[in-house]
Amino acid sequence: MASSSHPSAPCAACKFLRRKCIQGCVFSPYFPPEDPTKFTNVHKIFGASNVSKLLNEIAPHQREDAVNSLAYEAEARLKDPVYGCVGAISVLQRQVLRLQKELDATNADLIRFSSNQNILRPPQVSGSSIQNPHVLPTSDYYGIYSPWNYNP
Amino acid sequence: MASSSNSPCAACKFLRRKCQPECVFAPYFPPDQPQKFANVHKVFGASNVTKLLNELHPHQREDAVNSLAYEADMRLRDPVYGCVGVISLLQHQLRQLQMDLTYAKTELSKYQNHNLSGATTAQGLIAAAAAAASANHHQTLGNNLISCCGGGVNRDHLYHHNPPFFNARDQQTSVLRGFDVNNNYDTSAGVLAMNISANGIGQHSQFQQPRAAGTDDRSTTIDPS
């Protein structure tokens, strides 16, 4: 958490807004004067008063993360005024779906191979049912490889 | 999309002003979706949205409004992380899937090698190497995707607090730098074709409700099931 190194140096927000940076300034811990762009971006997209209201509604220990995520979104929106960071979400989601399909296909191949091995392998002498040491039961198989069913 | 000629759009209704024929908000904030504008106004402010829309071509404005509405909705559901929490979640899913896929392919290669039981040792090694190379390629691809979408991740922030990723309230997302969107995705499907399943990933409260702050139905389907 950066703060002004000199007691009287205004934070980037107060510098931008051309106002006195008072002792309890809500912006100063998160908008150090040496990074003026951060506040400029956030102010341009969200506005200082909206950010101030948002920070006041958040617990102090969460404000740094909140400011950083706002700064990220603001920067993303300035680079891509149409989609902002939602564009990244869309791209990531497509990749997740693609990998999921690929994983499903690989799992299907594994099941097919393991089934073939079961057919080719001579039955075990013991009285227990045939066990394939390499493949877990199907109902659990997807649970191992697919994160969609994973329960921590 | 456009409001009727007599009733004010949701924005002008909210702002309690006369809705002019050339109102910039009217095409995108119909009066039957008051929450959409309320959210956008609360997070971004009407004047910021006006400036943003005025800088865009008219054909881009609908997508822009819908993405703003989505961002605003996410920010109101998760005031600390907003959309960045979603990005972090998706990156985690991607990494997990990549690991699972690599492992599955490795297992598959063992079966394939076993089926080549008449093959020489050298051929078996070549097959294993090919499978491994394929797995490595995907691993690299996954890493490239992650770096593309969040590259230059500040690892210190990511693991500043232990990554209890499965609880949205406690998750400490990374500060993502090096943002670089691949803009080649299909805009006709809408940027908000969300289908995030939080089923196995934990209790992300923001995904427990169907998507509000209406965007186009054609483009937004968040499925939290």
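The values are calculated or read from the model by the stated rules, or taken from the named source; none is laboratory data. Only a predicted model underlies this, so the values are computations on that prediction, with no experimental measurement involved. A quick note on method: Cβ atoms are made from the backbone with ideal geometry, for glycine too, and the neighbour counts reach across all protein chains shown. Just so you know, the surface numbers come from the protein's heavy atoms only, side chains and all, with ligands and any DNA or RNA stripped out. Shrake-Rupley method; radii C 1.70, N 1.55, O 1.52, S 1.80 Å.
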Filter result for residue B:45 (facing chain A (nearest Cβ under 7 Å) and within 30 Å of residue A:101 (Cβ to Cβ)): no
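Please tell me if residue B:36 is of a type in the set (Lys, Arg), open to solvent by less than 40 Å² (accessible area, probe 1.4 Å) and touching a residue at least 24 places away in the same chain (Cβ under 8 Å).
Yes, satisfied.
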Qualifying position, being closer than 30 Å to residue B:105 by Cα and open to solvent by 20 Å² or more (accessible area, probe 1.4 Å), among A:18, A:112: A:112
Go through the stretch A:70-109 and count every residue that is in contact (Cβ under 8 Å) with a residue 24 or more places away in the chain, more than 7 Å from chain B (Cβ to nearest Cβ) and either in contact with a Gly (Cβ under 6 Å, 6 or more places away or on another chain) or open to solvent by 20 Å² or more (accessible area, probe 1.4 Å) (or both). 3
Checking the condition assigned to a helix (DSSP H, G or I), open to solvent by less than 10 Å² (accessible area, probe 1.4 Å), at the interface with chain A (Cβ under 7 Å from one of its Cβ atoms) and aliphatic (A, V, I, L, M), which residue from B:90, B:68 passes? B:90
For the stretch A:23-56, which residues satisfy the criterion of being under 27 Å from residue A:81 (Cα atoms), assigned to a loop (DSSP other than H, G, I, E, B) and either open to solvent by 40 Å² or more (accessible area, probe 1.4 Å) or not aromatic (Phe, Trp, Tyr) (or both)? A:32, A:33, A:34, A:35, A:47
Considering only the stretch B:104-112, I want to know if a residue exists there that is at pLDDT 95 or above and of a type in the set (Asp, Glu). no
Is there a residue in the stretch A:60-79 that is at pLDDT 95 or above and not in a helix (DSSP H, G or I)? no
I need every pair where a residue in the stretch A:49-69 that is facing chain B (nearest Cβ under 8 Å) and over 15 Å from residue A:24 (Cα atoms) has its Cβ under 8 Å from the Cβ of a residue that is surrounded by fewer than 21 Cβ atoms within 10 Å (Cβ to Cβ) and among the polar types (S, T, N, Q), sequence separation at least 6 or different chains. A:65/B:172
Please verify whether residue B:62 is at the interface with another protein chain (Cβ under 10 Å from one of its Cβ atoms) and buried (at least 23 other Cβ atoms within 10 Å of the Cβ), treating the condition exactly as stated. no
